[in-house]
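The values are calculated or read from the model by the stated rules, or taken from the named source; none is laboratory data. Since the structure is predicted, the reported quantities are computational estimates derived from the model, not experimental observations. Because the Cβ atoms are built from the backbone with ideal geometry, glycine has one as well, and the counts that use them run over all protein chains shown. The area values use the complete protein model at the heavy-atom level, side chains included, leaving out ligands, DNA and RNA. Shrake-Rupley method; radii C 1.70, N 1.55, O 1.52, S 1.80 Å.
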Amino acid sequence: MSGFASFATAWEASTGSTRKVRAYLGQTLNSGLIKCAALGKLRPDHSSGGEPDMLAAVGSLLCLFRVDGPGMGVTNVCSTPVYSNVLDIACLHAPANSQLPASINEHGGELCAVLSENGVFALVRVERFHAKDYRIRLLSETRAYMGLDDGSCLRMLRKLVTDPLSRLLCLVSWIDYIEFVYLDWADSESTGSQCPVTLGVRLNVEVGGAICDAAILAPAKAELQRVLLVAAVVDNQRQSVFLHLYESWVRPSGSPSVVLLAKLPLPLNTTTPLHIVPLPEHPECFLLVTENEVAFVSALQILSGDVYLYRQNLPQLPSGDCDLVKAFSVAGTTVVSPSSTAGTESPHSRRTIVPRSPLLDSWLELPLSEARRSSEMVASQVAQKVYLATQGGALLLVTVSSRPSILLTKVCGVLPSAEDASQTRASWGNVLLFLGAEDPAADVAQLGSTTSVSAVDYFFASGDSLDHSVIRVAGMSTPDTNADTTADAVVPTRLVRRVLTNQSPMIDFVLGSNMAYWTSGRTPGGAIHHAQFGHATGVEELIEIRANKAEDRAATLQLWHFTLPLVGPCLVLQRAQAAVAIAKDEGTGEWQVYQALQQMLVGKCVLFIGVLGPSDLVLCISSDCVEIWSMTGLSENSHATSLKLASAQPGEVFTHGAVATSLRSGHSRAILSVESLVDQPTEPPSLDSHSKRRHSFIRVIAIPDNLDTRVLGHAAVEMQFAHEISCLRSLTLGDNIYVAVGTYEPRLHVLRLDTELVAMGLDLPLSLPDGASKTDRMDVDCTESLAPGRASQVINDIYILCSIEACCILVGLRDGTLLQLTLDGSLVSGTMDEERRHIANVTRDIVGMTPVRFASVPVAASADSDNEDIGAVAGSQRAVIVAGSMFIADLKPLGQVTITACFGGGHLLDRVRFVIPATDKEGASDTTKQYYAVDDTSDALSLLSIDLAPQCHIDELAISCEPRRVIRDSETNLLVVAGVLAQSPGTPFPTSCLSVLDPRDGRIHAECKLRPGELVHALETWHIHGSRSYRYICVGTGMYPPTSDGRSGALARAKSGRLIIFNLKAAKRKSQPKTLTTDPNSTNSGYELKYVWESEREGSVSALAHLGDKYLVVAAGSSCLVLKLDVVQKRLIECCEIPLRFPATSLHVRESDIVVGSQREGVHVLRFTPAASSDSYDELRLLHSARYGVYTTDVGYLSSDLVLGVSSDGYVYAMGIPSHLGEFALDYIMGIHLGSECTRIRLGSPVRRLRRPEQALAWSADNSDSRVLINSVDGALWTLLRITDDAFVLLCQLETAMVAMGPTHAAYPLLTVGGSISRARRSSKLPVVGIVDGAFSTTFIEGLTEAEQHQVVQSSPELQRLALQLFSNSNCQSQCRAEPDGAQIAVEYITQLIYGLGQARVC
């Protein structure tokens, strides 16, 4: 097993006894699996009109999506965690005759009913949250009784059935019971409740068999109080399928009842019913969908016992199997000609037609409603359109008229064709929602037809082989039922927008650099999913930078960007040989050398260059002078007018330069660092070992507004430093100018300059009077922040992140180290008084191997903002960090700093050296910023587009098989994937193959097919280092021979298996001409898998792990054995073996101890003792075993005495190893349920964020990683963190207080039994101990208003006392501007704690 490391982690016993380990569980990546969804006018401001909203159950979240028009897609609005598997969601539309209070209508939109697997039935609604946000609020909940008054025996629930008029709901189970729940919309006005509906009478009906499906039929206009429900039931006694018709009357007075009107037996040749589709345009009629056909049925037929149904066959798969319908959607109406209804019927159609229901006839005699949209429908007939999505990838359009007549049309173009044998896994999901229709005029124009065309339909579709997307079905000509009933490709479709990536099923995963790779069998051709976390970055190469063609390649030392009014964007690069000025030609759009400016830069070593405001004046600070150039009307042969402001005195040299501009007055100043050489041989040498000591100064030069005066400026401020200055940066925060200075000591100095000019006492506008500027100085010694022996590190750059509440100074060193200095108070708000001016926290991180630099993130001020509130403060809250890699540092409102990596952009982000803000393009998003970038290894200038909103970008790496296992080789960064090749109809059993994949470019280096019927169960890398190094790939397989009927025996237990060893080595190739590549990480040679050795084993080889360079641990069948490597003979020799009662599923090794995951006995701990001499033997013995019989899918060491395991039912647990070998049983330490099957554990995190101090986390002595990543099959990634005992108790107290608020409060969890937030499945009896669920605690800061937060804290005196106690013991400071009370401080501390843990779970 390669997911764990053997070094010490935060789970070690150094911070306390492992018998009291406490942990925090948070979700890093939410599942992309949509279980169910419903449409409605859910948001309060959209309840009266506009596009509908969608409420969907996505993994463990209930998410609200906004539909952005039928043809645009959907957008995620808000979400809330749920604590049970959601089975179904239904939207309730308030009846037109209900009298609802006006205040209730203002609280939210339409209600939604949610049914969960644990039997909880809840009513929720969307309401306003703060000013512009929304949240999903629980209104009421109850449990489904299903015939048992106490609810002691929960039935297997299946779905919700809603009434079109919202008169009642039906809870349908899989077997025997349907529960009718009547809704009372009249009591809401008298009770004044926020819920406009109450649950009335509840009746249970026993159907006497398994329920295939049930639905409430569309009512006739004349029968608004009558409810008809149809259920397809497999009768327990007759073992045949019946259609049950139930009737109920909903009257204002009297108790409702449910009556079984009739049973209609389906013909014996009818296959199992799958769906009952009510037809709104045909009241009291429905479409019955079975495994291989559809049938039109009316309620009157069931009453009359007419078994001659109108039936049509569905298309079959190429193999001859039924193409089962997985989802359906009713999509409006179309018009058919009356003459087309007399056509020839299919062989299975009914011979005679029973007259329609009298109720339907009376409804048709009523005045035309809005459903009949034109008078043409009097002469024509309205047909209902129903779309069917199948598991074979087909989308069928069923056009149903009430004559009756059924037209089937196959819709093609979204999924791969099912006729291709290699694409048989293409499948739709369980959700197909009709979003709306558009005018088909455009399609008619493209077709050049004058015939009538139906509307263009848009759907939201989920899929097993399709990302959840919006699809478009083009309009078609008026259907003619005389036509072929299975015409193909009549209606084209196309993908409009991908909404949510479907990453399930996630079988195996590994971690890479700032990304995760996992296997998924959902794609037809097979693919490896890889997720990148951070800020998406795009790259556009602009120009190859050279001053002239004869110039050799030289590294760029600095980069500046500015815009001249008549020229446009200009860039100046200071290189090793000379400075280069380039500009963009507005006519051609090409970058070229700007000769007018290039002439001014000849012979200068530029320290800073830029424009002075919106003018053509260029300020240039070089190593010997400060000048202003006027670039007005220059040509290639003319020179700019210049004004020299300051020159270096004899013995002086300028080393750094910057410019600061006052936001209030608009005056600018040049800030210089000056080095002066003085003969002082008795002084100790400086760090640069010069014989003469350098005297360092900071000088400030006033910059004039014009070029009328040609005299040198005077120094306004001059300050001496004891050590040589290594970097200089000026920042404007609020009304103040700050100068950050770094020295070689290293030492950080922060200076503040007053920006107000007093009286102009001199005649020259270039000078400032004495005393007109003051300085505040804050010195920070950075030596203590560096590791021992690193005192020679040099400060390379400084940046200040500052807001009204907090301040953080970023210090970048030349060896790639980043220091974060968190200050008490803020530089903007003036809270940095003398008593509190100190560093609260210092964090040190290695971010790269090159010097760390920073770039600003400009924020444009709003048009209506005052001059005092120009966006300098907002802009100082973010910064770009460059150190080979790129990061975005973001200062949050509570003073927390998150530093997230950038991804994308090919390989440029691995070697970028400089970035500088560029002018945004027109129409660019506010969250996207553009930067000019120069890298270390080429002369190319690139334009980067960085998305400031961090995201998770999921993409696919195509392979030729369905992946099952994946590992990552740490030396080559290649992926080795074991998959199953696609089965053709003539192949009765699967064939596995191995693929070596480069994740950077998707290139497959090598492939190797295994034997037919052989599946890979285990993969492991084994690096041998000695006189020769080897990269072994160890493969464990199981042989599944075909059964007697020729089908695959993969579901049975394998009787044998193989252990195969391959060597991953560079492929030999012929010499090729040398090519120049800009990618240092590219693999030109390629790699191959070379066969080394194999061994047959009894039972499948299910797990592998290596013990150093000599031994390999193998789990084969019901035994565990150790093999010794003979490098010379290239073979493995069996050393020792120990039998197990049940097959092993996983292995993990720590030194000489081995932990084994078992199918039925949880965890075993073994110890391997190699032979001490030639007279002794190797020994493998069993030390400890778990007392809990769970099916463990993966297991690993957290520390020397703590083992973590995951089970097939979604249980995560930790076992403590006894300190005495005499104690056989492992101690149960902690556990929690995830609600979905888990398969793998990995130590680490896929998110490359920099660690920052968090007092709630339990760190090891060496600050090593403590994050554990766990996956579930539905596509979710969970992070487990060890936290302190105090933080655990506080979060437990918070959960108790939130649950105690009751179901009517916004803090109450959704879909729980008695407030228990355990996600345990019904069959699991394992306890939840020692782990807190972070999803519920996050609701406190993301789902509650400030008043509701105070209610929760004030309701629990113990919670408030503990929060205040922890606050007093920490370095936190209250951000409350008024005098805070105890509850306010407790709320702020809890908020900061939860926010910090939420960030730590993904960093």
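Find the relative contact order for the range 232-302 and round it to a whole percent, using C-alpha pairs within less than 8 Å whose residues are 6+ positions apart.
On the way: 112 pairs, mean separation 16.3, N = 71.
So the answer I get is 23 percent.
Go through Lys132, Lys20 and list them by solvent-accessible area, largest first, probe radius 1.4 Å.
Lys132, Lys20
Hey, if we sort Arg135, Arg238 by accessible area with the 1.4 Å probe, largest down, what's the order?
Solvent-accessible surface, decreasing: Arg238, Arg135.
What number, in percent, do you get for the relative contact order of the range 160-260 if the mean sequence gap of Cα pairs under 8 Å and at least 6 apart is divided by its residue count? Mind dumping the intermediate values first?
Details: 211 pairs, mean separation 20.4, N = 101.
Answer for the range 160-260 is 20 percent.
State the volume of the convex hull built on the alpha-carbon positions of the range 1144-1223, expressed per residue in Å³ and rounded to an integer.
Values: hull volume 7.2 nm³, N = 80.
So the per-residue hull volume is 90 Å³.
What area, in nm² and to one decimal, does the C-alpha convex hull of the range 209-250 cast on average over all directions?
3.1 nm²
Which distance in Å, rounded to a whole number, links the C-alpha centroids of the range 587-631 and the range 229-285?
84 Å
Where nothing but the Cβ of Lys and Arg (+1) and of Asp and Glu (-1) is charged, how large is the charge dipole of the range 167-290 around its Cα centre, in debye to the nearest 20?
That gives a dipole near 200 debye.
Can you give me the long-range amide H partners of Ser60? Hydrogens built in the peptide plane at 1.01 Å from N, cutoff under 5 Å, separation of 5 or more residues or another chain.
Long-range HN contacts for Ser60: Ser31.
Once every Cα of the range 161-293 carries one equal point scatterer and solvent is ignored, give the base-10 log of I(q)/I(0) from the Debye formula at q = 0.11, 0.18, 0.21, 0.22 Å⁻¹, two decimals.
With one equal scatterer per Cα and no solvent, log10 I(q)/I(0) is -0.42, -1.00, -1.27, -1.36.
Roll a 1.4 Å probe over the protein heavy atoms and report the accessible area of Phe1336 in Å², nearest 10.
0 Å²
Sequence-distant or interchain residues sharing an amide H contact under 5 Å with Thr333, placed H: which?
Lys385
Given His1305, Gln1293, Ile1317, which one lies farthest toward the positive end of the charge dipole of the range 1277-1356, if we put +1 on the Cβ of every Lys and Arg and -1 on the Cβ of every Asp and Glu?
Ile1317
Counting only residues 5 or more places away or on other chains, whose amide H sits under 5 Å from the amide H of Leu261 once H atoms are built in the peptide plane?
HN-HN under 5 Å from Leu261: Leu245, Tyr246, Glu247.
Structure shown: which of Lys644/Lys929; Lys41/Lys132; Lys1009/Lys1130; Lys221/Lys410; Lys132/Lys385; Lys1009/Lys1055 lie over 26 Å apart, alpha-carbon to alpha-carbon?
Where the Cα-Cα span goes over 26 Å, the pairs concerned are Lys644/Lys929; Lys221/Lys410; Lys132/Lys385.
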